[in-house]
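Everything on this sheet refers to the single structure shown next.
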Amino acid sequence: MLQLPPRYRGIDKNEEAPLDFAEYRSTTLRHPKQPLILLPQRLGELTGPVLGEGRVTEADADLTLARGGEAQGQRIIVHGRVLDSDHKPVPDTLVEVWQANAGGRYRHQGDQWPAPLDPHFDGVGRVLTDSDGHYSFTTIKPGAYPWGNHHNAWRPAHIHFSLFGRAFPQRLVTQMYFPDDPMFFQDPIYNSVPDGARQRMVSVFDYNATKDNWALGFRFDIVLRGRDATPFEEEDDHDE
């Protein structure tokens, strides 16, 4: 998937996450071996496929209801704004999320660790930002899970985010963490990002977004470029 390298998005070089990070072992196999090439934009990337309100429904933003039932776990509302380098809203951006269930397990055949699958949780959702750049999802808080990167390795609770621009080749991928997670200290994905930018991947507890007797609220604003840019992965593959 074509992505803009940090230098094209105005990111401070000192805050750029390395493509090859020794503690994150799979980057040795996955990182690009040649310099990135910026490809010219073509007409087809601007004219299609078309994304609009008719294709992305309100139900797509609620991950707690699937397969005729309700997901198990702590309900949360994750919301925020997608912003440009001047912190102006970016409307009509497709925001997709995917995550593990409350037990820390994904619904795919590659995830075989013995945590229970939730029959009513698929772990995927999508929404278009509104005119103010705002998005919102209703989901459950994902669990931590082991992943074999090193001895006793556990991923902190997180939600994957994918943002599309005017066309599918314009894609950025990041992860949202939760505040004060006890597993930050040994997570190489989190720690591969320099100190100055790490906290931009951590959501903020939002009491005002919390719904009485229903769900806790977390805010996660995403800045696409500039000095305050959210750290993004610079390759198509990603850890689950």
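Assorted remarks:
- With protein chains left intact and a 1.4 Å probe, residues in region 101-240 average 46 Å² of accessible area per residue.
- Net charge of Cβ neighbours under 12 Å - reference Thr64; Lys, Arg +1; Asp, Glu -1: -1
- Taking Lys and Arg as +1 and Asp and Glu as -1, the other residues whose beta-carbon sits under 13 Å from that of Lys88 total -3.
- Sequence of Arg227, Arg67, Arg107, Arg75 from largest to smallest accessible area, 1.4 Å probe: Arg227, Arg67, Arg107, Arg75
- Extending 7 Å from Cα along the Cβ direction at Arg227 and again at Gln112 yields two label points whose distance is 5.0 nm.
- The order of Tyr135, Tyr207 by accessible area, most exposed first and with a 1.4 Å probe, is Tyr207, Tyr135.
- Surface accessible to a 1.4 Å probe, Trp147 within the full protein complex, Å²: 60 Å²
- Asp181 sits with roughly 30 Å² accessible to a 1.4 Å probe, with DNA, RNA and ligands left out of the calculation.
- When Glu70, Glu233, Glu58 are compared by accessible area at a 1.4 angstrom probe, the order from most to least is Glu58, Glu70, Glu233.
- Area of Ile37 that stays accessible when all protein chains are in place (1.4 Å probe, Å², to 10): 130 Å²
The values are calculated or read from the model by the stated rules, or taken from the named source; none is laboratory data. The model shown is predicted, which means the values in this text are computed figures rather than measured ones. Every residue, glycine among them, receives a Cβ derived from its backbone with ideal geometry; neighbour counts consider all protein chains shown. Surface accessibility is based on the protein's heavy atoms, side chains included, excluding ligands, DNA and RNA. Shrake-Rupley method; radii C 1.70, N 1.55, O 1.52, S 1.80 Å.
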